[in-house]
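A.B. asks: Following this message is one structure expressed as structure tokens.
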Amino acid sequence: MKKASCAFILFLLLAMTSSNNANAFPEYQAWSQKHSKRTVNCAMCHAHGDGPEGSKPGQMDTLDADAQKRLEVARGAEKPGVHADNPILNEFGNYIVFKLGLEQVYKMRDDPSQLKQALGEESDHDGDGISDGEEFEDGTHPLNNQSGAPWKLFIQNLQKKWVMVAIILFIAITSLFGFKHLLRYSSKVD
Amino acid sequence: MVKSNFFKQCLEFVSERIPVEKISYEAMVQKKSVPHHKMSWAYYLGGLTLLFLSIQFITGILLLFYYQATVSDAHSSVEHITQYVGGGDLIRNLHAWSSSLMILCLILHMMTTFAMKAFQRPRELTWITGVVLLLLTFALGFSGYLLPWHQIGVNATKVGLQSIELIGAYLPGELALLPTKIKEIIQGDSMVEQATLSRFFALHVVVCPILLLGILGFHLFSIQLHGMSEGVDHPTGKSEKFFPTFILKDLRVWSVVFCAAFITALCIPFDSFSPFPLLAPYDALGSTPPGIKPEWYFFFIYYPLELLPFWLIALLQNLLLAILFLAPWIFKNTSRKALFLITLVAAIYFFGITIFGQDLYNLIMGVHS
Amino acid sequence: METDPLQTRKHFILGFGALLLSGLALSSTLFAKLVSYLSGDRMSQIDRTLFLKTKLSRMDQTASERKLELERKSSEYIFIAKMSDLLATKGKYFIDYEMRPALAFQSSEDGLPILISAKCTHLGCTVGADLDENSRILCPCHVSYFDIKSGMPHAGSPAKAPLPHIGWVIMDKQSKIVASKHPKREVEIVEKLDMDSLDHYSIYIAKKFASKATGEA
């Protein structure tokens with residue numbers, strides 16, 4: 001009897017974890033949205049904006065045999081370090097699984113604010129200068145370098161393109177200087 | 001007798017508004033002067049609009065080299081420009097920033113012109129062409145919003161066009177179907193589809209720019225013919241020569257503003273102000289993401305549409321248009337002080353609703369739900 | 001005014017020189033940008049492959065939309081879902097005969113399908129698929145809640161007209177019609193459905209029930 005109930009509980013637990021792995025983790029989306037006050041959808045980590053369930057590209061119903069295989073591998077990535085190419089996730093989603101492992105992702109649902117620290121400063125998939133974790137907090141897309149908190153992007157780009165900015169500032173200042181003197185000249189010849 | 005009088009009046013009207021005898025290098029360039037007073041800064045706004053328009057033309061032509069106006073390729077071609085073509089992000093962002101700045105300058109230009117009563121005789125036609133130019137610019141903004149074929153653009157266009165259909169509810173009998181018909185003619189289809197994209201593309205890159213250039217030509221020409229309007233009740237008597245002094249000052253403003261716009265476009269992607277789900281390609285079969293909005297310069301009509309009954313907005317909108325077109329006659333005897341107050345109220349409304357519209361909407365809708 | 005010709009000339013030279021310099025700097029900067037823009041994309045092999053994949057998937061999407069359109073022009077019945085795949089709390093999107101989005105639910109009362117248009121009657125946005133606790137779906141654009149049973153929007157919502165229902169037929173494995181519903185009439189049951197083996201039944205929309213055929217807008 002005891003054995004049976006143990007087995008039943010184990011079965012329930014297994015069913016729970018597997019179904020949780022199959023589903024998305026909307027807690028992260030909800031947190032990002034609340035924290036940033038921006039609209040965020042599943043496309044931050046998933047291949048499709050409406051999430052993994054459905055019959056559109058990047059969703060469960062459209063996976064071919066190869067993609068199904070990759071999905072199975074990805075679902076087994078309990079510990080960090082597995083390069084799982086999950087077809088329903090995008091590059092950022094796959095990176096989270098690689099970095100943390102599903103077990104950790106599952107645990108962190110209760111407090112998604114830890115994600116930024118867990119991902120670290122160095123990962124910046126779109127190369128816009130704002131780390132993936134920070135983009136998660138800001139509710140902007142970690143894979144789109146045109147998406148970011150405007151002010152942060154401004155600072156980043158200013159540093160990145162400072163030569164161009166300096167040239168433009170030089171142009172502005174010399175032209176101001178030039179106009180000043182030409183205006184003086186024109187007032188004198190009048 | 002009456003008839004010939006009418007024709008004579010027509011001729012007199014035109015000849016006073018378009019004084020061809022003034023067409024001379026001397027009158028239009030050498031002798032033209034710009035009054036100097038505390039509102040003189042307003043004389044730069046029209047020129048700035050022209051600067052941004054030129055940026056729009058140049059960057060627009062460059063974008064045309066890569067853009068593909070089909071529903072399957074439009075979004076990825078825009079992505080291609082911003083992500084992979086050298087300097088493509090700069091060109092696209094400059095186009096987007098400059099369009100917003102152009103409309104900002106245009107609205108300020110119109111407001112100051114109104115407040116300074118620069119529309120009065122004999123400059124009525126200059127004013128009216130200005131209003132037409134404003135409408136054309138709005139049409140360019142509206143049609144350009146659809147071209148990247150992203151969620152926000154297509155859905156906002158759908159909502160915008162659908163509001164034409166709402167007029168039908170207030171029309172009797174067979175006429176009630178007319179707005180739907182008009183909508184479908186604009187759309188080219190029963191839905192916002194490839195036909196709509198092709199039409200908007202043609203409007204955005206050919207029809208509107210050609211009309212704009214023609215009317216702008218007349219607008220500038222008549223400004224040169226009539227010279228600058230005095231603009232204040234008590235002229236200071238001081239003025240500066242249009243050439244070279246004012247031109248030099250104008251160019252000085254241009255160079256600073258251009259550099260500022262260039263650095264802004266270089267460093268701040270225009271898209272960064274939109275939430276990313278709205279930047280994804282339009283999905284005809286999926287759900288509409290929340291947060292669909294038109295560009296900021298349509299907020300002054302968008303938020304009232306959200307909050308007030310439609311017939312009221314339609315009425316007010318037509319009233320506003322009529323007032324704008326007939327301003328030279330309606331406000332013929334209005335003092336500058338009164339015009340200034342009217343402009344102030346309009347400006348507070350326009351910028352207030354543009355900046356705080358969403359808060360106002362949340363406040364009111366929050367009470368409802 | 002006193003004019004010192006030397007001073008005047010100095011201003012001219014300084015002004016003209018500075019403008020020439022800034023003009024040169026500006027035009028060479030812009031020219032460099034222009035050349036880099038016109039010389040096309042700079043994509044790595046990986047980027048190009050990924051980008052082509054994206055382009056292809058967008059074309060697939062367009063192609064599938066065109067296919068849907070063709071199917072609606074040519075077929076009398078269009079498959080929506082298996083009975084067993086419908087949920088009572090989350091709708092399944094499909095495209096009706098007019099190429100408009102619609103949603104399919106399972107009724108929580110009798111287990112039969114509820115097919116309802118998802119094109120908001122206010123400004124045409126696509127209504128969301130999730131049912132709230134009052135069995136209503138939400139149009140996100142201007143916050144209209146629609147009751148899926150009646151189609152009616154909630155009181156005071158921006159949408160005034162109800163979402164129209166869509167007629168359906170249920171066929172069994174032998175493609176025999178076992179039940180059908182005209183959008184305006186009651187359900188017609190031809191043969192009693194076996195509610196325990198719902199995967200034997202499929203739901204279709206029918207051309208004869210399309211709004212053009214029934215004379216609705």
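The values are calculated or read from the model by the stated rules, or taken from the named source; none is laboratory data. Predicted model, so just to flag it, every value in this text is computed and none were measured. Cβ placement follows ideal geometry from the backbone for every residue including glycine, while neighbour counts extend to all protein chains displayed. Ligands, DNA and RNA are excluded from the accessible area calculation, which covers all protein heavy atoms including side chains. Shrake-Rupley method; radii C 1.70, N 1.55, O 1.52, S 1.80 Å.
A.B. asks: Show the residue pairs that are 6+ apart or on different chains and have beta-carbon atoms under 9 Å apart, the first residue being within the stretch C:136-163 and at positive phi, the second being part of a strand (DSSP E or B).
C.D. replies: C:Gly151/C:Ile116; C:Gly151/C:Ser117; C:Gly151/C:His165
A.B. asks: Could you tell me which numbered condition B:Glu79 fails, if it satisfies all but one of (1) closer than 30 Å to B:Trp254 by Cβ; (2) within 14 Å of another protein chain (Cβ to nearest Cβ); (3) among the charged types (D, E, K, R)?
C.D. replies: (1)
A.B. asks: Separate question: Taking the condition of being closer than 26 Å to B:Val256 by Cα and surrounded by fewer than 18 Cβ atoms within 10 Å (Cβ to Cβ), how many residues in the stretch A:122-151 meet it?
C.D. replies: Residues that pass the stated criteria total 2.
A.B. asks: Here is a further query. Would you call C:Ser175 farther than 19 Å from C:Ala210 by Cα, without any contact (Cβ under 8 Å) to a residue 40 or more places away in the chain, among the hydroxyl-bearing types (Ser, Thr, Tyr) and surrounded by fewer than 18 Cβ atoms within 10 Å (Cβ to Cβ)? If you could, list the steps in order and put the result at the bottom.
C.D. replies: Details: farther than 19 Å from C:Ala210 by Cα: yes; without any contact (Cβ under 8 Å) to a residue 40 or more places away in the chain: yes; among the hydroxyl-bearing types (Ser, Thr, Tyr): yes; surrounded by fewer than 18 Cβ atoms within 10 Å (Cβ to Cβ): yes.
Criteria met by C:Ser175.
A.B. asks: Among the residues of the stretch B:310-337, write down those that are open to solvent by less than 60 Å² (accessible area, probe 1.4 Å), not in a helix (DSSP H, G or I) and not polar (S, T, N, Q).
C.D. replies: The answer is B:Phe331, and nothing else.
A.B. asks: Still on this model: Of (1) outside any loop (DSSP other than H, G, I, E, B); (2) surrounded by fewer than 19 Cβ atoms within 10 Å (Cβ to Cβ), A:Leu115 satisfies all except one. Which?
C.D. replies: (2) is the only condition that A:Leu115 fails.
A.B. asks: Out of (1) facing chain A (nearest Cβ under 10 Å); (2) touching a residue at least 40 places away in the same chain (Cβ under 8 Å), the odd one out for C:Leu19 is which?
C.D. replies: In the conditions (1) facing chain A (nearest Cβ under 10 Å); (2) touching a residue at least 40 places away in the same chain (Cβ under 8 Å), C:Leu19 misses (2) alone.
A.B. asks: Here's a follow-up. From the list B:Ser190, B:Ser143, exactly one residue is within 19 Å of the chain's Cα centre (by Cα) and either closer than 30 Å to B:Pro275 by Cα or within 11 Å of chain C (Cβ to nearest Cβ) (or both). Which is it?
C.D. replies: Numbers: B:Ser190 fails: within 19 Å of the chain's Cα centre (by Cα).
Selected residue: B:Ser143, the only one of B:Ser190, B:Ser143 that is within 19 Å of the chain's Cα centre (by Cα) and either closer than 30 Å to B:Pro275 by Cα or within 11 Å of chain C (Cβ to nearest Cβ) (or both).
A.B. asks: Check the stretch C:66-89 and report whether any residue there is among the β-branched types (Val, Ile, Thr) and either facing another protein chain (nearest Cβ under 7 Å) or without any contact (Cβ under 8 Å) to a residue 40 or more places away in the chain (or both). Working first, answer last.
C.D. replies: Taking the stretch C:66-89 and keeping what is among the β-branched types (Val, Ile, Thr), we get C:78, C:80, C:89.
Checking the rest, the ones that are also either facing another protein chain (nearest Cβ under 7 Å) or without any contact (Cβ under 8 Å) to a residue 40 or more places away in the chain (or both) come to none.
There is no residue in the stretch C:66-89 that is among the β-branched types (Val, Ile, Thr) and either facing another protein chain (nearest Cβ under 7 Å) or without any contact (Cβ under 8 Å) to a residue 40 or more places away in the chain (or both).
A.B. asks: Might you check whether a residue that is open to solvent by 20 Å² or more (accessible area, probe 1.4 Å) and not in a helix (DSSP H, G or I) occurs anywhere in the stretch B:152-170?
C.D. replies: no
A.B. asks: Can you go through B:Thr288, B:Thr245 and tell me which one is open to solvent by less than 40 Å² (accessible area, probe 1.4 Å) and at the interface with chain A (Cβ under 10 Å from one of its Cβ atoms)? If you could, list the steps in order and put the result at the bottom.
C.D. replies: On the way: B:Thr288 fails: at the interface with chain A (Cβ under 10 Å from one of its Cβ atoms).
That would be B:Thr245, the only listed residue that is open to solvent by less than 40 Å² (accessible area, probe 1.4 Å) and at the interface with chain A (Cβ under 10 Å from one of its Cβ atoms).
A.B. asks: With the condition kept exactly as written, say whether any residue in the stretch C:111-123 is charged (D, E, K, R) and either at the interface with chain B (Cβ under 8 Å from one of its Cβ atoms) or farther than 19 Å from C:Met152 by Cα (or both).
C.D. replies: No, the stretch C:111-123 contains no residue that is charged (D, E, K, R) and either at the interface with chain B (Cβ under 8 Å from one of its Cβ atoms) or farther than 19 Å from C:Met152 by Cα (or both).
A.B. asks: Could you tell me whether any residue of the stretch B:345-354 is out of contact with any helix residue (DSSP H, G or I) (no Cβ under 6 Å at 6 or more places or on another chain), farther than 24 Å from B:Glu124 by Cα and either in contact (Cβ under 8 Å) with a residue 40 or more places away in the chain or within 14 Å of another protein chain (Cβ to nearest Cβ) (or both)?
C.D. replies: yes
A.B. asks: Looking only at the stretch C:14-63, count how many residues are among the hydroxyl-bearing types (Ser, Thr, Tyr) and surrounded by 14 or more Cβ atoms within 10 Å (Cβ to Cβ). Before the answer, list the steps.
C.D. replies: Here is the first cut: in the stretch C:14-63, the ones among the hydroxyl-bearing types (Ser, Thr, Tyr) are C:22, C:27-29, C:36-37, C:39, C:44, C:49, C:54, C:57, C:62.
Filter once more, so that each one left must be surrounded by 14 or more Cβ atoms within 10 Å (Cβ to Cβ): C:22, C:29, C:36-37, C:54, C:57, C:62.
So the count comes out to 7.
A.B. asks: Among the numbered criteria (1) facing chain A (nearest Cβ under 8 Å); (2) open to solvent by 30 Å² or more (accessible area, probe 1.4 Å); (3) within 23 Å of the chain's Cα centre (by Cα), which one does B:Ala280 miss?
C.D. replies: For B:Ala280, the failing item is (3).
A.B. asks: Then there's this: Suppose we keep only residues that are open to solvent by 100 Å² or more (accessible area, probe 1.4 Å) and among the aliphatic types (A, V, I, L, M) within the stretch B:346-369. Which one would you say is farthest from C:Gly156 (Cα to Cα)?
C.D. replies: Step by step, filter the stretch B:346-369, then rank; the result is B:Ile348.
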